[in-house]
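Take a look at the structure set out below.
The values are calculated or read from the model by the stated rules, or taken from the named source; none is laboratory data. Since this is a predicted model, take the numbers as computed values, not measurements. Cβ: placed from backbone, ideal geometry, glycine included. Neighbour counts: every protein chain shown.
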């Protein structure tokens, strides 16, 4: 009897322990090695407790809609959103930031809804939060993957301290068209470089442990082909072939997926006549099935609704049906899922399994973030105060800013500037601007927080710096949501600027685009210097030709006149919070520029799209003097002003001893080495670039393709060997069926300082 009683006690203990375990584990993160229930099991346990309405709620993302620390909203959309939040019908919110607000909104979701499922808080942390790093295309110009990763890591650190746990970055769209405003947000025109940077940024944002309160979920966007919008006009139609899609567009997305990116975002454009948001081929067939992606897909802002304007959906209900069936898991601010999906299930228009799958994917990311362990893990006021704008974050921003600057021209070694005894004229409205250098997509950053070029140069006291505006770049307010008014008429300050320049030893002119001239919705039909800046440049040149032109811009510009006449040109992009310090340190030689262009600079906007990895036509070359019948313009050269991969240094570099070891048949690898010598007088960095050409193939291949690069730091007079390997991964390509193939044939290898290098050797794959 005693034995039987003991057995009963044991079973009772097991039952109680199991019951308690299930209750605690429902909201457990599950990242530790000693967890007794798998992450998938936790998700399934919670999923089984949810109503259809609550599942759909997890697929619903709302924009911030009231003062979260004030009373509950009354009336209109705000009250509806608030009620949905209380009732567990909101899975995520965006544009809620700061510990106080995030805590308040999280409390409603966790403490007032039936199941208490925490929110994932999204925000556009594109190139920093409060402390701003260079715009992404500028960071790409560094070709420094460690620095790029560090920049994303610091952005995650600062934004996570403000309560944010999900960023809508990185944008990994490849684009060949400088007219498209969003080139500033990506890595440029090349899929190999873009893939490496995508991986670096994902790893920077997410780290090695997503459950830490210093890491955030990343989002690869925009899936897919957004960067190929016709005419470079934002939101426009995309019509490209399978080869371009697989070989140019997909690689950075594959790299992001392989790096473990937790979310994807679909794009605004259509592809093959179907808007990306409702494109089953992209989302289900490719991403979720072919690539076996296990994260979730969020729509872009209102893109489900926009399928009506596209002419693809009849109305909002039809749009919700199309998006869900296509594989779009979360609705960003269209309100259509929460409004229509339940009825669509009842009408047998959508599969309940699709809703379960979407909910499962979203819950999994929340578990991985550790939100079920502690919904308020990102909400610490002291941490927010300590981390925001910290020295560590600012130092990282300065480091990547210096590395992002590209020296385009330096005749007669005008740069670096002497540190003593010179009279320097600093001209251009952008030279004193403390807002424009922050660039576009910096929603959380305060205006007037960037270090201006004037402030940076004033840190060097040995010279006399005199500033003259010359001309305003813009009129009126400069805002993210409104068109800029560019000054095209007012030249009243020209005279004063010319007087200052006439009396100077050196003129530093800071010209280019305002930070809000690039970004979403900011396409340009011209790539010239905006407004009266070109005229100002020529007027100053007429009184003093000893000019250093510092460009601030978010895209490649056509600066033919400057290239022909101005002795020194720096591409300084929009470099963020530490902009002025970075530019001044390069101007004065405290940092030797090492950046290389991630995008081709055209001579004329009429050449665009212009890119290095083009394909030959059947008539690529001039057959004879004055011949018409070859692929060319009759009023402009075919060549770029500055090619992809181009960038100078205060050092010079000599390449020699290019060698190839073809061991492909034995170990499936081609080994390439080349010696690089710093022939200059100071230490410098060189980005050694490897390109290949597959001379003939079943599908024609580009004249050159980047397949490797190495950043070498060389002391004066030092020689180092750059080493590369080519494997099937680099030598193959996708066919028109989307299959990876490797073909026998003849290859050329080019290694040098930019994409126009002619330093080559050949090998054959048998």
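Any residue at all in the range 65-72 that is crowded, with 16+ Cβ neighbours inside 10 Å and farther than 24 Å from residue 168 by Cβ? The answer is no; no qualifying residue exists. If you check 81, 86 for being more than 30 Å from residue 389 (Cα to Cα), free of Cβ contacts under 8 Å to residues at least 60 places away in the same chain and touching a strand residue (DSSP E or B) at 6+ places or on another chain (Cβ under 8 Å), only one passes: 81. For residue 727, the test of being under 31 Å from the mean Cα position of the chain (by Cα) and exposed (fewer than 15 other Cβ atoms within 10 Å of the Cβ) is passed. Residues that are surrounded by 14 or more Cβ atoms within 10 Å (Cβ to Cβ) and touching a helix residue (DSSP H, G or I) at 6+ places or on another chain (Cβ under 7 Å) were ranked within the range 381-391; the one that is nearest to residue 161 (Cα to Cα) is 384.
A single member of 255, 220 is part of a helix (DSSP H, G or I) and in contact with a helix residue (DSSP H, G or I) (Cβ under 7 Å, 6 or more places away or on another chain), and it is 255. Among all residues of the range 513-531, there is none that is closer than 28 Å to residue 419 by Cα, out of contact with any helix residue (DSSP H, G or I) (no Cβ under 6 Å at 6 or more places or on another chain) and assigned to a loop (DSSP other than H, G, I, E, B).
All conditions in (1) surrounded by fewer than 18 Cβ atoms within 10 Å (Cβ to Cβ); (2) in a strand (DSSP E or B) hold for residue 751, with the sole exception of (1). At pLDDT below 95 and part of a loop (DSSP other than H, G, I, E, B) - does that describe any residue in the range 466-476? Within the range 466-476, one or more residues are at pLDDT below 95 and part of a loop (DSSP other than H, G, I, E, B). When you check residue 114 against the structure, is it modelled with pLDDT of 95 or more, surrounded by fewer than 24 Cβ atoms within 10 Å (Cβ to Cβ) and under 24 Å from residue 436 (Cα atoms), yes or no? It is false that residue 114 is modelled with pLDDT of 95 or more, surrounded by fewer than 24 Cβ atoms within 10 Å (Cβ to Cβ) and under 24 Å from residue 436 (Cα atoms).
Taking the conditions exactly as written (modelled with pLDDT under 95 and over 23 Å from residue 620 (Cα atoms)), does residue 737 satisfy them or not? Judged against the criteria, residue 737 is a match. Which of the residues that make up the range 122-167 are part of a loop (DSSP other than H, G, I, E, B) and within 20 Å of residue 99 (Cβ to Cβ)? The answer is 124, 125, 129, 130, 131, 161, 162, 163, 164, 165. Criterion first (under 28 Å from the mean Cα position of the chain (by Cα) and part of a loop (DSSP other than H, G, I, E, B)) does residue 633 satisfy it? Here the answer is no, as residue 633 does not meet what is asked. For the range 727-748, a residue qualifies if it is assigned to a loop (DSSP other than H, G, I, E, B) and in contact with a helix residue (DSSP H, G or I) (Cβ under 6 Å, 6 or more places away or on another chain), and the qualifying residues are 736, 738, 742.
Working only within the range 206-217, note down all residues that are touching a helix residue (DSSP H, G or I) at 6+ places or on another chain (Cβ under 8 Å) and touching a residue at least 60 places away in the same chain (Cβ under 8 Å). Scanning the range 206-217 gives 210, 211, 213, 216, 217. Answer yes or no as to whether residue 244 is within 22 Å of residue 175 (Cβ to Cβ), assigned to a helix (DSSP H, G or I) and in contact with a helix residue (DSSP H, G or I) (Cβ under 6 Å, 6 or more places away or on another chain). So residue 244 does not fit the description; no.
Residue check: is residue 663 within 14 Å of residue 764 (Cα to Cα), surrounded by fewer than 18 Cβ atoms within 10 Å (Cβ to Cβ) and at pLDDT below 95? Yes, satisfied. Residue 625 - would you say it is modelled with pLDDT under 95, out of contact with any strand residue (DSSP E or B) (no Cβ under 8 Å at 6 or more places or on another chain) and surrounded by fewer than 23 Cβ atoms within 10 Å (Cβ to Cβ)? Considered against the rule, which asks whether it is modelled with pLDDT under 95, out of contact with any strand residue (DSSP E or B) (no Cβ under 8 Å at 6 or more places or on another chain) and surrounded by fewer than 23 Cβ atoms within 10 Å (Cβ to Cβ), residue 625 comes out as yes.
Is there a residue being outside the structural domain of residue 599 (by TED's automatic domain parsing), in a helix (DSSP H, G or I) and surrounded by fewer than 18 Cβ atoms within 10 Å (Cβ to Cβ) anywhere in the range 367-380? No, the range 367-380 has no match at all. Screening the candidates 657, 613 for the property of being touching a strand residue (DSSP E or B) at 6+ places or on another chain (Cβ under 9 Å) and not in a loop (DSSP other than H, G, I, E, B) yields one hit, 657. Using the structure shown, decide if residue 241 is more than 17 Å from the chain's Cα centre (by Cα) and surrounded by 18 or more Cβ atoms within 10 Å (Cβ to Cβ). It is false that residue 241 is more than 17 Å from the chain's Cα centre (by Cα) and surrounded by 18 or more Cβ atoms within 10 Å (Cβ to Cβ). Taken over the range 85-102, residues that are surrounded by fewer than 19 Cβ atoms within 10 Å (Cβ to Cβ) and either under 21 Å from residue 337 (Cα atoms) or out of contact with any helix residue (DSSP H, G or I) (no Cβ under 9 Å at 6 or more places or on another chain) (or both) amount to 3.
Within the range 408-450, can you find the residues that are assigned to a strand (DSSP E or B) and either surrounded by fewer than 21 Cβ atoms within 10 Å (Cβ to Cβ) or at pLDDT below 95 (or both)? Of everything in the range 408-450, those that are assigned to a strand (DSSP E or B) and either surrounded by fewer than 21 Cβ atoms within 10 Å (Cβ to Cβ) or at pLDDT below 95 (or both) turn out to be 409, 410, 423. Anything in the range 124-155 that is over 14 Å from the mean Cα position of the chain (by Cα) and either in the same structural domain as residue 597 (by TED's automatic domain parsing) or under 30 Å from residue 46 (Cα atoms) (or both)? List them, or say none. Across the range 124-155, there are no qualifying residues.
Select from the range 754-766 the residues that are part of a loop (DSSP other than H, G, I, E, B), over 14 Å from residue 673 (Cβ atoms) and in contact (Cβ under 8 Å) with a residue 40 or more places away in the chain and list them in ascending order. Listed by number, the residues that qualify are 754, 755, 756, 757, 766. Residues of the range 672-684 that are surrounded by fewer than 21 Cβ atoms within 10 Å (Cβ to Cβ), in contact with a strand residue (DSSP E or B) (Cβ under 8 Å, 6 or more places away or on another chain) and closer than 25 Å to residue 145 by Cβ: 673, 675, 677, 680, 683.
Quick grid of which residues meet (1) surrounded by fewer than 24 Cβ atoms within 10 Å (Cβ to Cβ); (2) within 21 Å of the chain's Cα centre (by Cα); (3) over 28 Å from residue 685 (Cβ atoms); (4) not assigned by TED's automatic domain parsing to the domain that holds residue 455:
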| residue | (1), (2), (3), (4) |
| --- | --- |
| 541 | yes, no, yes, no |
| 553 | no, yes, no, no |
| 577 | no, yes, no, no |
| 583 | no, no, no, no |
| 598 | no, yes, no, no |
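Could we say that residue 198 is in contact (Cβ under 8 Å) with a residue 40 or more places away in the chain, in a loop (DSSP other than H, G, I, E, B) and either under 21 Å from residue 229 (Cβ atoms) or more than 14 Å from the chain's Cα centre (by Cα) (or both) here? No, not satisfied.
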